[in-house]
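Computed from the coordinates by the stated procedures, all read-outs in this text should not be read as laboratory data. Because the structure is a prediction, the values reported are computed rather than measured. Note: ideal-geometry Cβ built from the backbone for every residue, glycine included; neighbour counts use all protein chains shown.
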């Protein structure tokens, strides 16, 4: 007899192993069908992935089967897996997510790495503009506990979620508050201002694909060329950035030349971009001059 990945015959149709086979088949349109199936199963069973391998013959209750079926149907309709299970892992953190915020992307870890490589004061003051789940602010705080970090978002729901994530990850020193960019920032200056702002063109076909169809458009789009928010931030930053402070953006892979030109226009120095693993420039930064 040949071997196969299905459960042994003693396992009923309602057991974990069989239900994972069924779920993966139903989600076969997704490259991540196997991972998605396991994540949804763990969510329904309130367990870690190792449990699925340890107890493959464990039977699901009718309620659990029903819940799993509903989640699979939503995933088939395209709902992001992170919204369905309520969290996304980012950096070394587990972050709660909701449809009020963008889902943290692995690519944004490059922004965190870029910032950590900068020469900044030991007790740097940092402003994260458009913090969403708090991903960037909290990742930086986990590496630099002595930094004073503030995350802002214009969405009160996002601010509440970021505060929750700070508590869940034991990083209560990070402060979050509601602000439409700099509107609620007093006469403060920062060693570093970092942002993963909206940068998608209003009519981009990207908005009709994958997870972004379910994410808040206000956190994605920024005018005909996607640079409206970045223009505003660069123009206003000089009021809030300390001398020799850094401004760092994540952006679309074709936007680096335009953003570098905006930095130059506003007198920044040491302007450069950082490529992602695919060789595309995805981070651009500049330093405010000393004089």
Using only Cα atoms and rounding to the nearest 10 degrees, what angle (0 to 90) does helix 228-237 make with the longest principal axis of the chain?
50
Which of 28, 213, 105 moves most in a GNM of the chain, Cα contacts under 10 Å?
28
Provide the gained length on full extension for the span residue 65 to residue 47, in nm with one decimal, where the gain is 0.36 nm per separating residue minus the Cα-Cα distance.
5.0 nm
Most fluctuating of 100, 29, 67 in the GNM of the chain (C-alpha, under 10 Å) is 29
Work out the FRET efficiency for residue 261 and residue 28 from their Cβ-Cβ distance, taking R0 = 35 Å, and round it to the nearest 0.05.
0.15
Quick one: if the Förster radius is 51 Å, what FRET efficiency do residue 122 and residue 232 give, using the C-beta to C-beta distance and rounding to 0.05?
0.95
Put in order of increasing Cβ neighbours within 10 Å, starting from the fewest, 41, 53 give 53, 41
Ranked highest first by the average count of other Cβ atoms within 10 Å around their residues, in what order do 262-271, 137-146 fall?
137-146, 262-271
Considering only 122, 148, 173, give the residue with the highest GNM mean-square fluctuation for the chain, with springs between Cα atoms whenever their separation is below 10 Å.
122
Looking only at Cα atoms, what is the convex hull volume of segment 16-77 per residue, in Å³?
66
Normalised by the residues of the chain, what does the relative contact order come to in percent, with Cα pairs under 8 Å and at least six apart?
13
What do you get for the angle between helix 33-45 and the principal long axis of the chain? Use alpha-carbon atoms, 0 to 90 degrees, nearest ten.
80
Over 35 Å apart: what share of the alpha carbon pairs of the chain falls there, rounded to a whole percent?
28
Let me have the 222 nm mean residue ellipticity of the chain computed from DSSP H runs of 4+ only, each contributing -39500 (n - 2.57), with the sum over all residues rounded to the nearest 500.
-10000 deg cm²/dmol
Pairing the Cα long axis of helix 62-76 with the longest principal axis of the chain, what angle in degrees results, from 0 to 90 and rounded to the nearest 10?
50
Segment residue 143-residue 74, length gained on full extension (0.36 nm per residue, minus Cα span):
21.2 nm
